[in-house]
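See below for the structure under consideration.
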Amino acid sequence: MTDPPKGSTVELPPSLRGLLDDPPEQVRVVGETVDEVLHELVAQFPELQHHVFSPSGAIRSSIIVLVNDDDIRYRQRGRTPVAPKDRITLVPALAGGGPRPHLSPQERHRYSRHLLLPEVGERGQLRLRRARVLLVGAGGLGAPAALYLAAAGVGTLGLVDADVVEASNLQRQVLYDTASVGRSKVGAASKRVRSLNPNVRVVRHKVRLTSKNALRILRGYDVVLDGTDNFPTRYLVNDACVLLRKPEVYGSVYRFEGQVSVFDARHGPCYRCLFPQPPPPELVPSCAEGGVLGVVPGVVGLWQATEVLKLLLGVGEPLVGRLLLLDALSGSTREVRIRKDPHCPVCSAHPTQEGLIDYPAFCGVTEMAARVPEIDARALAKELRTSRPPALIDVRETGEWAIAHLPTARLISRGTLSERVGTLPKDRSLVVYCKSGRRSADAVRFLLDRGFTRVRSLSGGIDAWADEVDPRMPRY
């Protein structure tokens, strides 16, 4: 026996469905009142926000809301309670036609350099004003892209990020300033974007993208810009875009290098065609661990923004089926052709994966954590105060050690551990740490394989120590 569908049924009229890509006539929405249902509706379909709600957040008087054919204006308006069996119908006012869209004098002045381009002109600028772009990640790549897409006049920018601004972000994430430290990224980014261009509507998604919310969030946008910094979310974004038939503008950076491409399974390969499987987690240092020249994500993020604008305007040759490689040290670029994989599990003619999966498990993140004995920061602090404290082994790099390290620790970078393993005592408890716990977990596995039985990894790394034990410790 199947469970009954959750939520009330909302019926969308043709005039509102025309604002959506592949729109449903009906959608199930959970909420206890009309207001809650409609706010959840526009969370699923952000392009309906201005048509349903006024700037003050009230239901527009130009739209009639019926609950089981009963006009809520003569009930409790937005506070009218609803039940799962209820049917909610939206009836907007119609004029039998509408004025031809045009740019205001202020917009003509603001975008005058665009209007001079035959490839853009007023028609193209209006397309940008109607466009909806989602930036997954408001960090090194998303920050510069958000600024230039807003400056270009993209009408709706969605921002997905659950993090807060840290001082170490400011070296490359130019969307933020010193006063933003400690604030949520989507909040600070929204304020900055609006100050740059008040014509842009910013939709804030202060969440981590997961298999449970990805399709709902991505559905309301025309193009998705992937500014992620980890493989589980990168594969998730790719698979969701394939399922929703949306183009994804991909970018990634490490140290002095960058990559850019456009994945659109309707016209070419997807990310899985390029990289069918992720590398082992222990072999993937993040920018926080390996470093990055601050301008490199700026260059890659702006290249991504350029590809987004090309897709929205329908001009030029997007990087579909091509991977652009950038090397800042040599000042060179190289282009690699990518072919569609006829056996790709998500974008081939006969896909074997028809929905979203557990991406941390797919990328080996949960498996890696499960295999390694760990100790948390508070427990380690207690053990260090005992008469027989564990020996601390720091497997980070010299530059990281110079920023911050634990007292009494010994620096043996992960790359030199195999050469120096003979110097470590097997008769003493060892705790290995790095920045976040990934490299130390790999080092612990290495030591366990070589007969060390009393060795653990510091869960969460030195970041967890700064969070839970010593908040004065410098972060990076």
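Candidates Gly316, Gly298, Gly251: the one that is assigned by TED's automatic domain parsing to the domain that holds Thr156, part of a strand (DSSP E or B) and out of contact with any His (no Cβ under 7 Å at 6 or more places or on another chain) is Gly251. Within the stretch 441-468, restricting attention to residues that are among the β-branched types (Val, Ile, Thr) and crowded, with 17+ Cβ neighbours inside 10 Å, the residue that is nearest to Gly415 (Cα to Cα) is Val444. Within the set Leu19, Leu94, Leu48, the sole residue that is modelled with pLDDT under 85, part of a loop (DSSP other than H, G, I, E, B) and crowded, with 16+ Cβ neighbours inside 10 Å turns out to be Leu19.
For the stretch 175-211, enumerate the residues that are of a type in the set (A, V, I, L, M, F, W, C) and either over 17 Å from the mean Cα position of the chain (by Cα) or not in a loop (DSSP other than H, G, I, E, B) (or both). Passing the criteria: Ala179, Val181, Val186, Ala188, Ala189, Val193, Leu196, Val200, Val202, Val203.
Evaluated against (1) at pLDDT 90 or above; (2) more than 25 Å from the chain's Cα centre (by Cα), Val372 falls short on exactly one condition, (1). Can you name the residue in the stretch 397-418 that is of a type in the set (Gly, Ala, Ser) and in a helix (DSSP H, G or I) and, of all such residues, is nearest to the chain's Cα centre (by Cα)? So, considering only residues that are of a type in the set (Gly, Ala, Ser) and in a helix (DSSP H, G or I), the one nearest to the chain's Cα centre (by Cα) is Gly399. Considering the stretch 317-332, the residues that are loosely packed, with under 13 Cβ neighbours inside 10 Å and free of Cβ contacts under 8 Å to residues at least 60 places away in the same chain include one that is nearest to Val249 (Cα to Cα), namely Glu317. For the stretch 117-160, a tally of residues being at positive phi and surrounded by 17 or more Cβ atoms within 10 Å (Cβ to Cβ) returns 2. Listed by first and then second residue, the pairs linking a residue in the stretch 341-361 that is closer than 25 Å to Arg216 by Cβ to a residue that is among the small types (Gly, Ala, Ser), with Cβ atoms under 6 Å apart and 6 or more places separating them unless they lie on different chains, are Cys347/Ala265; Leu356/Ser211.
State whether the residues of the stretch 211-228 include one that is free of Cβ contacts under 8 Å to residues at least 12 places away in the same chain and either acidic (Asp, Glu) or farther than 18 Å from Glu47 by Cα (or both). Within the stretch 211-228, one or more residues are free of Cβ contacts under 8 Å to residues at least 12 places away in the same chain and either acidic (Asp, Glu) or farther than 18 Å from Glu47 by Cα (or both).
Put simply, of Gly57, Gly31 the only residue that is modelled with pLDDT of 85 or more and part of a loop (DSSP other than H, G, I, E, B) is Gly31. Sub-9 Å Cβ pairs linking a first residue in the stretch 175-195 that is at positive phi to a second residue that is among the aliphatic types (A, V, I, L, M) and surrounded by 22 or more Cβ atoms within 10 Å (Cβ to Cβ), at least 6 apart or interchain, are Gly182/Val165, ordered by first then second residue.
Applying the condition of being within 22 Å of Ala381 (Cβ to Cβ) and in a helix (DSSP H, G or I) to the stretch 424-446 and asking which residue is nearest to the chain's Cα centre (by Cα) yields Arg438. Answer yes or no as to whether Arg108 is surrounded by 17 or more Cβ atoms within 10 Å (Cβ to Cβ) and either part of a helix (DSSP H, G or I) or under 27 Å from the mean Cα position of the chain (by Cα) (or both). Taking the combined requirement at face value, the residue does not satisfy it.
What number goes with the only condition from (1) surrounded by 20 or more Cβ atoms within 10 Å (Cβ to Cβ); (2) within 12 Å of the chain's Cα centre (by Cα) that Asn230 does not pass? Only one criterion is unmet by Asn230, namely (1). The condition of being within 24 Å of Val223 (Cα to Cα), among the charged types (D, E, K, R) and touching a strand residue (DSSP E or B) at 6+ places or on another chain (Cβ under 6 Å) holds for only one of Arg132, Arg127, Arg79, that being Arg132.
The values are calculated or read from the model by the stated rules, or taken from the named source; none is laboratory data. The structure displayed is predicted, hence computed values, not measured ones. No Cβ is skipped: glycine too gets one built from the backbone with ideal geometry, and neighbour counts run over all protein chains shown.
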